[in-house]
Amino acid sequence: GHEDFRPRIVPYYRDPNKPYKKVLRTRYIQTELGFHERLFVAVLTSKATLNTLAVAVNKTVAHHFPRLLYFTGLRSAKVPHGMVLVAHGDERPIWLMYETMHYIHQHFGSDYDWFYIMQDDTYTQAEQVKALVTHLSINQDVYLGRAEEFIGGDEQARYCHGGFGYLISRSLLLKLHPHLDSCRNEILSVRPDEWLGRCIIDFLGITCVSQLQGQHYHTYELAKNTEPEKEEEEEFQAALAVHPVSDMTLMYRLDKQIQLDRAYQEIQDLQMQIRNLTSLTPAGEAGLTWPVGINAPFLPKTRFEVISWDYFTEQHLFSCPDGSPKCELSGASKADVSEIIESALEQLNSRYQPLLRFSKRQLLNGYRRFDPTRGMEYTLDLLLEAVTQKGHRHVLAKRVSLVRPLSKVEIIPMPYVTEATRVQLVLPLTVQDLDFVANFLDMFAMNTLDTHDNALLTLLFIYHPYDAQRVSQVDVFAGVKAMVGELEKRYAEVKIPWISVKTEVPSQVKLMDIVSKKHPVDTLFFLASVWTEINMDRCRMNTINNWQVFFPVHFQEFNPALVYRGEQTASSSTDFLRDGHFDRHSFAEACFYNSDYMTARTKLAADILDRDEVLESMELFDVFLHYSGLHLFRAVEPGLVQKYALRSCNPRLSEELYHRCVLSNLEGLASRSHLAMALFEQEQANST
């Protein structure tokens, strides 16, 4: 056993008296050297469980094994997608085992070193099975699994329980194959795993073992009504196979829990490595961040970059989305706070038990902020009750800090978007918009018609009932119609239709109902306002039929009288922060397909029945948000610019829409610094 082997060089010699014979070489050196693939996996299933348990096995472990086949007696009419199935035509368990072993030897016996056989009611930790075979010698006859005694048989002989899977080496399979027919005829058994074990023992004299060459085959038997999330035994964590798994939901829960435990263990190992290596860095232990492995907090360079904290309690939030100083904690925010408090108690108890056990009495103070470099940070002041092992109770306040780190960013697959889509631009016009129509048509002609962009324009004239009665004598939109006629003469191939509507309350939904009926279902609408400088490209790229609608946030220029005060013109300035802001209160612009609108509108009609007055309090954004099920893409659009204009807010609209219109006008005047300067100059003028 201690003999020293040394390589011996064999010189090449060819007998000149013999004719030369060309040597055929294999394509791969692996084939020439006789290498085999490492592991083949066979799953025994049945017609009854093929679409349930077998599918669960395929989704949880199949992607970890290089080759996995399913064997059944009878196959169902439809084989689940992504599964390679072999049907033997007979559901008898012994016959299924016999045919499976024969099939494996015939088709894969010369290609693989190890064969792992399991049932579809078994959950297997695939990575541990793969690691196990790398530590075993392929030169031995191996029959490895959970060793069980034969009923009424020899006490020394063992067979491998099929429910927990078992491993067979290639050498054992080659020796067993000639005896399979004899085993089928001579051995009587009800259980297929017991039949196979008796066959191996009787003809090869090899018994099942649970450990070999220093490697243990760990298993875990699930109890009835077990909860995988509460299984904390070391045997469960180390098990290669778990059995019995009664349904596919339990299989998925087992896989999720084991994967989570493995991920947490890997995180702890990495954190320990980081701690050990930090002392060797130039910064030393002072450079260790908390939590270990998470990016350090963002360090602001100026006071304008400081990230503010939001204060909250268990009932209220003191930084509300609508700007109010206090609002009720509800929805996702309430669930977030509850989960953070629960996590804090869990961490405290895991650290101090069994000496102390904590329970929450009250959340005194709560703070949270979102750090874009690491995630959501929390600081909690908790009033706790601590109980010692002897039962003594003590109330104390403790501050804890927590971080919900940013997870891995994933790219969401989106349908393909073509830039060649024709855009149907819809422009609603009221009497208050007449002063801005000429500029809009000039910009449309320059940006769209001159560039031969694939876009059409439809004007929507909104008449007040009083103006509609006098339209035969005085048409308030006569000037606009004349400008459209001049534009059609200049561009002979262009036709700009218009639609006349009479209403006191110009509801977006009611107007789109009229426009929608006059266009095909595949039309891409771009609803715009008269103050907008149109950009068609973003509308095409961000709108996807039956998938996504686009509501851009336009850039609103400030009042030039307040911003520039004669110093410079708006066209010469390139400072966006000085010139204007993104108007988040406006939903006047929208891009969507007619088919998507018709689908959402049908659901809305079934919900409100004949209460048409509800439509006056809704915008298109509300329709798509509540009745479409599509992605709503709401984002700032620097290419969509609006000149300053004081909008007229219709008091007959709903209170929310009227309030948003007023806020849009107020915030669109100027920035705080410009307003402060205007007030200062006014006070200076008044004082003199």
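Overview of results
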quantity: FRET efficiency estimate (nearest 0.05) - Cβ-Cβ, residue 466 to residue 626, R0 41 angstrom; calculated: 0.75
quantity: Full-stretch length increase - residue 475, residue 488 - with 0.36 nm per residue and alpha-carbon distance subtracted; calculated: 2.7 nm
quantity: The chain - Cys residues lacking any other Cys C-beta under 4.7 Å; calculated: none
quantity: Distant-in-sequence amide H partners of residue 120 (H built 1.01 Å from N, under 5 Å); calculated: 44
quantity: Stretch in the chain that is longest and holds no GluC sites (Glu not before Pro) that DSSP places in a loop and that have at most 10 other beta carbons within 10 Å; calculated: 234-409
quantity: Proximal charge balance of residue 181 [Cβ under 14 Å; K/R count +1, D/E count -1]; calculated: -2
quantity: Set of aspartates and glutamates near residue 489 by C-alpha distance (under 20 Å), chain-local residues within fewer than 8 positions excluded; calculated: 442, 450, 453
quantity: Rounded Å value of the spacing that divides the Cα centres of the stretch 255-333 and the stretch 478-523; calculated: 53
quantity: At most 16 other Cβ within 10 Å, DSSP loop - trypsin sites (Lys or Arg not before Pro), the stretch 210-308; calculated: 224, 301
quantity: Nearest-10 value in Å² for the accessible area of residue 592, using the 1.4 Å probe; calculated: 0
quantity: Charge dipole (the chain, unit charges on Cβ, about Cα centre) - positive-most of 631, 405, 131; calculated: 131
quantity: Estimated [θ] at 222 nm from DSSP helical runs (n ≥ 4, -39500 (n - 2.57)) normalised by residues in the chain, nearest 500; calculated: -10000 deg cm²/dmol
quantity: Helix 655-667 axis, angle to the chain major axis (alpha carbon atoms, nearest 10°); calculated: 80
quantity: Whole-angstrom gap from the stretch 370-446 to the stretch 50-127, using each part's C-alpha centre; calculated: 47
quantity: At R0 = 22 Å, FRET efficiency that the Cβ-Cβ distance of residue 229 and residue 59 yields, to 0.05; calculated: 0.70
quantity: Local electrostatic count at residue 263 - Lys and Arg +1, Asp and Glu -1, tallied over other residues with Cβ under 13 Å; calculated: -2
quantity: Gain on full stretching of the segment that runs from residue 514 to residue 454 - 0.36 nm per residue minus C-alpha separation; calculated: 19.3 nm
quantity: Residue 302 accessible area, assembled protein chains, probe 1.4 Å, Å²; calculated: 70
quantity: Coil-residue trypsin sites (Lys or Arg not before Pro) of the stretch 16-93, DSSP, other Cβ within 10 Å capped at 15; calculated: 21, 22, 25, 27, 47, 67, 78
quantity: Relative counts (whole %) of C-alpha pair distances in the stretch 43-162, using bins that are 5 Å wide; calculated: 2, 9, 18, 20, 22, 15, 8, 3, 1, 0
quantity: Cβ-defined net charge surrounding residue 504, 14 Å radius [Lys, Arg +1; Asp, Glu -1]; calculated: -1
quantity: Normalised contact order of the chain, rounded percent, pairs of Cα under 8 Å and 6 or more residues apart; calculated: 7
quantity: In sequence order, calculated HN-Hα J values of the stretch 197-213 (Karplus, 6.51, -1.76, 1.60; Hz; x Gly/Pro); calculated: x, 5, 5, 5, 5, 5, 9, 10, x, 10, 9, 6, 10, 9, 9, 7, 6
quantity: Cut-off 19 Å (backbone N to label point 7 Å along Cα→Cβ of residue 216), residues of the stretch 243-267; calculated: 243, 262
quantity: Cα centre as origin, Lys/Arg/Asp/Glu Cβ charges: the stretch 32-243 dipole, Debye; calculated: 720
quantity: When each of 495/517; 47/78; 130/224; 130/256; 301/398 is checked by Cα-Cα distance, pairs over 22 Å; calculated: 130/224; 301/398
quantity: Residues listed by number, the stretch 246-278, amide nitrogen under 11 Å from residue 131 label point at 7 Å toward C-beta; calculated: 262, 266
quantity: Zero-based 10 Å bins, Cα pair distances in the stretch 397-457, whole percents; calculated: 14, 25, 17, 13, 14, 10, 6, 0
quantity: Entry for P(r) over Cα pairs in 10 Å bins from 0, in percent (calculated from the structure that is shown) out of (i) 2, 11, 19, 21, 16, 12, 9, 6, 3, 1, 0; (ii) 3, 15, 24, 24, 17, 10, 5, 2, 1, 0, 0; (iii) 2, 10, 14, 14, 14, 14, 13, 9, 6, 3, 1, 0, 0; calculated: (iii)
quantity: Inter-probe distance in nm under a simple model that places probes 7 Å from Cα toward Cβ, at residue 546 and residue 565; calculated: 5.8
quantity: DSSP beta bridges in the chain [antiparallel fraction, %, rounded to 5]; calculated: 55
quantity: Sequence-distant lysines (8 or more away, or on other chains) whose Cα lies within less than 24 Å of residue 510; calculated: 481, 502, 518, 603
quantity: Residue 523 accessible area, assembled protein chains, probe 1.4 Å, Å²; calculated: 20
quantity: Average accessible surface area per residue within the stretch 32-243, 1.4 Å rolling probe, Å²; calculated: 47
quantity: FRET efficiency, residue 177 to residue 411 (Cβ-Cβ, R0 56 Å, nearest 0.05); calculated: 0.70
quantity: Chain lengthening between residue 271 and residue 349 when straightened (0.36 nm per residue, less Cα-Cα); calculated: 26.0 nm
quantity: Accessible carbon and sulfur surface of the stretch 425-676 relative to its total accessible area, %, 1.4 Å; calculated: 55
quantity: Label point distance in nm, residue 495-residue 656, each placed 7 Å from Cα along Cα→Cβ; calculated: 4.0
quantity: In Hz, Karplus ³J(HN,Hα) per residue of the stretch 61-70 (6.51, -1.76, 1.60; θ = phi - 60°; x = Gly, Pro); calculated: 10, 4, 6, 8, 9, x, 8, 9, 10, 10
quantity: Virtual paramagnetic centre 7 Å along Cα→Cβ of residue 381, amide N under 20 Å, in the stretch 285-313; calculated: 308-313
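The values are calculated or read from the model by the stated rules, or taken from the named source; none is laboratory data. Computed from a prediction, not measured in an experiment: that's the story for all the values here. Virtual Cβ from ideal backbone geometry, glycine too; neighbours counted across all protein chains shown. Side chains included, ligands, DNA and RNA excluded: accessible areas come from the protein's heavy atoms. Shrake-Rupley method; radii C 1.70, N 1.55, O 1.52, S 1.80 Å.
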